[in-house]
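The values are calculated or read from the model by the stated rules, or taken from the named source; none is laboratory data. This one's a predicted model, so the numbers in the text were calculated from it and none came from an experiment. So basically every Cβ, Gly included, is an ideal-geometry build from the backbone, and we count neighbours across all protein chains shown.
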Amino acid sequence: QRMRNYRECRSDIDRLSTPFLEIYESLVPPEEEKAKQRHLIASLEKLVVKEWPGAQLYLYGSCANSFGVSKSDIDVCLAIEEPDINKTELIKKLAEIFESDNLENVKALTRARVPIVKLMDPESGISCDICINNVLAVVNTKLLRDYAQIDNRLRQLAFLVKHWAKSRGVNETYRGTLSSYAYVLMCIHFLQRRRPAILPCLQEMEPTYIVNVDDIQCAFFDKVENLRDFGAGNKESIAYLMWAFFDYWAHRHDYANAVISVRTGGFISKRAKDWTRRIGNDRHLICIEDPFETSHDLGRIVDKFTIKTLREEFERAADIMQYDPDPCVTLFEPY
Ligand code: CTP
Ligand code: MG
């Protein structure tokens, strides 16, 4: 009651943009950190090429999609063309190579869904996870990075949403909440749906980038330097967009029937995807279509308990944006 109607009009919310942008700026990694990452990749690649000439290392995930905060671990993919690869053997071999080159905390995780080698570079302090031939992840990383170049508000919104999700404990896939990747897709979809739109749908445009990964064709328009003014007709401020984002997921999203789809820039019905009932452990309580692996619902790890937590957190955030005297603090309070 005390806080009712605290923010009655748009300009009251807009005024919060300055402090939110300060938080965003404080999360962006400095250029020297990026340089250290590139240096590490180059030296790891040298080691790998000695064993497998022609192998290449790619950065993917937050360190390459431009949605990474300062000091995060880096995700690396080893691309190697060998007939009949045994990933388990390869992972073990990789671990041996790194171990004998003074890298620390080297661990081969061969039983994980995606087998990886973990290591830490003592010189830079950077930790990384290396997987093998996960080409789709490299391609979806490029899609996210390309979207980020169209309108700055995407990067700002996604950083703040990720920061909120980490602070509130709802960015933990192993506990049934959403991945960072899922949150960024939610932000892209949300900005595609603003009117006027802030982001286009790159996969619905004439493709300028086409790759085939296994049996999936990945095609989209990637000349994003030509789209720099795309969102200019929409003047919504970052604070307003944050309020609208949380309000959408708190009060407007049709959890019972709708799937959000960055690929089409719109919605698909759960029925059309046959995501209406639980299949195995996939419950489809919040549905986010992967832009390339379209049978993949990024919300499938959410269960009947964590969906409640998530929706309560969206409501809390929407409420804070609307009524709290100091949203820039309260929103990110640890749970
Ligand atoms: N990825 C994917 N499918 C998923 C989850 C992740 O393809 N279901 C890939 C994406 O390329 C994503 C990368 O793995 O960019 C890393 O995922 P994640 O750790 O969720 O995101 P990051 O962007 O690395 O976020 P963080 O800053 O939290 O590490
Ligand atoms: Mg990561």
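What the table shows:
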| read-out | value |
| --- | --- |
| Leading residue by the ranking (nearest to ligand 1 (Cβ to nearest atom)) among those in the stretch 41-59 that are touching a residue at least 24 places away in the same chain (Cβ under 8 Å), of a type in the set (A, V, I, L, M) and outside any strand (DSSP E or B) | I41 |
| Those residues of the stretch 295-335 which are loosely packed, with under 15 Cβ neighbours inside 10 Å and outside any helix (DSSP H, G or I), in sequence order | S295, H296, K304, F305, P325, D326, E333, P334, Y335 |
| Filtered residues of the stretch 1-60 (kept if surrounded by 13 or more Cβ atoms within 10 Å (Cβ to Cβ) and β-branched (V, I, T)) | I13, I23, V28, I41, V48, V49 |
| Neighbours by Cβ (under 8 Å, 6+ apart or cross-chain): first from the stretch 286-306, farther than 17 Å from M186 by Cβ and hydroxyl-bearing (S, T, Y); second more than 16 Å from ligand 2 (Cβ to nearest atom) and assigned to a strand (DSSP E or B) | none |
| Any hit, the stretch 88-98, residues being within 24 Å of the chain's Cα centre (by Cα), away from ligand 2 (no atom under 12 Å from the Cβ) and surrounded by fewer than 21 Cβ atoms within 10 Å (Cβ to Cβ) | no |
| Of all residues making up the stretch 60-89, the number that are part of a strand (DSSP E or B) and within 10 Å of ligand 1 (Cβ to nearest atom) | 4 |
| Verdict on R145 being within 11 Å of ligand 1 (Cβ to nearest atom) and either at pLDDT 95 or above or surrounded by fewer than 20 Cβ atoms within 10 Å (Cβ to Cβ) (or both) | yes |
| The stretch 169-227: number of residues that are closer than 23 Å to Y240 by Cβ, touching an Asp or Glu at 6+ places or on another chain (Cβ under 9 Å) and charged (D, E, K, R) | 1 |
| Residue that is farthest from ligand 1 (Cβ to nearest atom), among those in the stretch 27-40 that are assigned to a helix (DSSP H, G or I) and either in contact (Cβ under 8 Å) with a residue 24 or more places away in the chain or closer than 21 Å to L78 by Cβ (or both) | H39 |
| Pick from the stretch 99-129, criterion in a strand (DSSP E or B) and among the polar types (S, T, N, Q), ranking: surrounded by the most Cβ atoms within 10 Å (Cβ to Cβ) | S127 |
| Options A272, A244, A256; residue that is without any contact (Cβ under 8 Å) to a residue 60 or more places away in the chain and assigned to a loop (DSSP other than H, G, I, E, B) | A256 |
| Single residue of the stretch 269-283 satisfying the filter (basic (K, R) and surrounded by 13 or more Cβ atoms within 10 Å (Cβ to Cβ)) that is nearest to N140 (Cα to Cα) | K273 |
| Residue within the stretch 284-293 that is touching a Gly at 6+ places or on another chain (Cβ under 8 Å), surrounded by fewer than 16 Cβ atoms within 10 Å (Cβ to Cβ) and on the phi < 0 side of the Ramachandran plot present | no |
| Every pair of residues 6+ apart whose Cβ atoms lie under 6 Å, when the first sits in the stretch 129-144 and is farther than 18 Å from K87 by Cα while the second is part of a helix (DSSP H, G or I) | T141/A64; T141/N65; L144/N65; L144/V184 |
| Odd one out for S70 among (1) under 19 Å from N134 (Cβ atoms); (2) within 16 Å of ligand 2 (Cβ to nearest atom); (3) without any contact (Cβ under 8 Å) to a residue 60 or more places away in the chain | (1) |
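Here is a yes/no grid of residues against (1) within 16 Å of ligand 2 (Cβ to nearest atom); (2) within 30 Å of P19 (Cα to Cα); (3) within 13 Å of the chain's Cα centre (by Cα); (4) of a type in the set (S, T, Y):
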position: C128; (1), (2), (3), (4): yes, no, no, no
position: I150; (1), (2), (3), (4): no, yes, no, no
position: F159; (1), (2), (3), (4): yes, yes, yes, no
position: W164; (1), (2), (3), (4): no, yes, no, no
position: G169; (1), (2), (3), (4): no, yes, no, no
position: L178; (1), (2), (3), (4): yes, yes, yes, no
position: A182; (1), (2), (3), (4): yes, yes, yes, no
position: M186; (1), (2), (3), (4): no, yes, yes, no
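Yes or no, residue by residue, for (1) within 30 Å of F220 (Cβ to Cβ); (2) modelled with pLDDT of 95 or more:
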position	(1), (2)
G265	yes, yes
I268	yes, yes
R277	no, no
N281	no, no
I288	yes, yes
P291	yes, yes
E313	no, yes
A318	no, yes
P327	no, yes
